[in-house]
Structure formats: C-alpha cells, structure tokens
Amino acid sequence: MRCFLSLGIPLIWRLRPLTESLLLSTIQTRILTILKLLSFSRRLHIRIVFYPTQRRGGNTILPDLSKLGVPIKTTIPATVLEEALSGTPTVRPLPIGNSVSGKVEKQCAHFFSVSINEEQAEAGIVVRVTSAAQSKFKLLYFEHEANGGYGLALQEECERTGKVTTAGMYFLRFQVYRMDSTMNALAMAKDPEAAFFKRLEGLQPCEVSELKAGTHIFAVYGDNFFKPASYTIEALCAKSYEDTTHKLKDIEAQLLKKRNELRQFEIEYRKAVARFQEVTSRYSQEKQSVDELLKQRDSIHSSFTVARSLSLLSGSAHFGNSSSSKSWRFSLSLKGLDKK
C-alpha cells in the first residue's frame, strides 16, 4: 500500500499541470458558450433559466419555453436549403383537395408537389398546415431554379389558434397579409398598454399573391426544439370557397382601415389619459383642501362651549380673591406703622 502511494503521488503531481490546463480550457469554452447564449437570448427577449439535471452531474441551460415573452424565430438550416437547391429532396405529390399527415424530424423538411391547371390557378389556391399536437413548424414555398433545383421564396411561421398550431399560404389573386406576432410581443414587453395600438402593425403583405398553372413545391419544416413535429398539410382550390374568399378580401380591407384608425385613436387616447391624470391629481389636491377646511371649521365650532366660559369665570374669581388678600395685608402693615 505504501509502495503504491509512493508511486501514485509523484505521478499525479506530474499530471497536475496537464489536468489544470484541460480543466481551464473546458471551463473557458463553456463560459464562452453560455455568454453567447445569454447575448442571443437578450436580443430575442428570452428568459433563460437553469434546470438541474442528473446527467453528468451538471446543469443544463434551456430556454423556459412555457414562459417566453416573444416568439422565437429560427432560420432554415443550410442543409435543407442546399438539398432543395440541388434538386435532390424526396418530393411527394399533394393533389388538390387532399391532405397528407406525417411527422418531420427537427431541423428537417418534408417536400410536397402541388400541380394546378389554368382554371384552378385563376380561381386561387390555398395551402394550409395544422398540428393538433401544437408542434412548431414552418410552411415553405420554393420556386424552380434554372439549374433544376428549388429556391426558397416564402416561409410562414406557425401560430397557435385555439388548440392547434396553423400556418397557411393564400394565393387568391389579391393582396393578403400575414401577421407578425413578434412585433406585438415586443410592444407588449415594453408597454402593455400600448400593445393594443400596435397589434395590427404586424400586418405584413405577402410577397406572392397568385400561382401560375404548373407544379409548385411546398415543404413542412420541423421547428420543434426536442422532438419531431406532427402535421397535416392540405391543398385546396378556392373555387369551392367563393364566399369565404370574398369574406377574407373584405376582412383584409377592414383590418387595414382599422390599423389607420388605431394610429389616430392612439393620439387621442394619449391626450385623454394625460388630461385624466391631470384632473385626477387636482381631484386629490382639492379633496385634501376641503377636508382640511372642514376640520378647521369643526375645531372653531367646538370652541363655542359652556365649559370654556366657566373656566374663564373661575380664573377671574381667583384673581379677585388674590387682590383683596394682598390689600388686607397691606392695610395691616400700615396700621402697625402708625402705632409705632
């Protein structure tokens, strides 16, 4: 045992500089990673928390996904874009009037081809993706490139609507708008009261409003952090939804009009709030002044009492008795001087 210790201690002592160097390098690498993550989170207004785990006896830093104040916008990995540009992805057909369900791995994409004729293109096309599991995903639209590949032209972030997450592209031959919820979330983080007025500022015009006859490529990109995204994608011809199409066109126009009205109303509202704060401050001051005057009035009223009169009379009587006593003593002293 002693021999083992005598051999082991010098060996450990010799390895100490190497161990310290490796440890220091590991710590520096982790600290830089943490600082980069924190800096990135601040730019996105993400609250970072520490979740203690038993894995490797350390802590794992994860974003508190349930309490994010701002939706996280991620970018499409270069691997997915390069695969599309090369024209090598597996593309499954998605016939008009049909739907396809599936699960896509995180940071991967499932590609679909939608073929439309002249009549369908004239009527308009809608492509929507929903997830009953509330998975995070992106709906992508690719245009054909000269080299035979596909270039990314549009992307839509999924939004939570009720108990599902949805994303859609509406090629209806009139201007449609997407809602950028990030803008509203940032406004709410800065000033919750002003968030209402900024709610429609997130309306952004879609770059493509119609499709030509031919085959078009769409994709569902898995945007979950830890697990595959389940989805259902469907392609529809708007000819069967003429009333719905007219309603959407009317609603889009109303929203634009309402956005302009809210901009003007915000100015009026701010003036009214400032005036309200002014009169509220004056109200408090006037109330305090009235209370003080009434208090003084009650004090003056309480001065009119019999108890005060009796106290004054008793004070006068005491003063009279004291004066007569002094005069009697003075007269006695004078009589004593006369006898002498």
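The values are calculated or read from the model by the stated rules, or taken from the named source; none is laboratory data. Everything numeric here is computed off the predicted structure, so don't read it as measured data. Every residue, glycine as well, gets a Cβ built from its backbone with ideal geometry; the counts of neighbours run over all protein chains shown.
Quick check, is residue 224 assigned to a loop (DSSP other than H, G, I, E, B) and touching a helix residue (DSSP H, G or I) at 6+ places or on another chain (Cβ under 9 Å)? Criteria not met by residue 224.
Pairing each residue of the range 99-113 that is in the same structural domain as residue 230 (by TED's automatic domain parsing) and closer than 16 Å to residue 89 by Cα with any residue that is of a type in the set (Val, Ile, Thr) and surrounded by 15 or more Cβ atoms within 10 Å (Cβ to Cβ), provided the two are 6+ apart or on different chains, yields C-beta distances under 6 Å for 104/220; 109/80; 110/104; 110/220; 111/91; 113/91; 113/217. Where helices (runs of 4 or more DSSP H) sit wholly within the range 115-214, those with at least 2 residues that are modelled with pLDDT under 95, closer than 25 Å to residue 259 by Cα and hydrophobic (A, V, I, L, M, F, W, C) occupy 181-190, 195-198. The requirement of being surrounded by 12 or more Cβ atoms within 10 Å (Cβ to Cβ), farther than 29 Å from residue 103 by Cα, touching a Ser or Thr at 6+ places or on another chain (Cβ under 9 Å) and free of Cβ contacts under 8 Å to residues at least 60 places away in the same chain is fulfilled nowhere in the range 203-222; no residue meets it. Take the residues of the range 145-163 that are touching a residue at least 12 places away in the same chain (Cβ under 8 Å) and within 20 Å of the chain's Cα centre (by Cα): which is farthest from residue 209 (Cα to Cα)? Only one residue tops the list, namely 163. Against the test of being closer than 19 Å to residue 177 by Cα and part of a helix (DSSP H, G or I), the options 264, 254 yield a single qualifying residue, 254.
Could we say that residue 208 is among the hydrophobic types (A, V, I, L, M, F, W, C), closer than 28 Å to residue 85 by Cα and out of contact with any Asp or Glu (no Cβ under 6 Å at 6 or more places or on another chain) here? Criteria met by residue 208.
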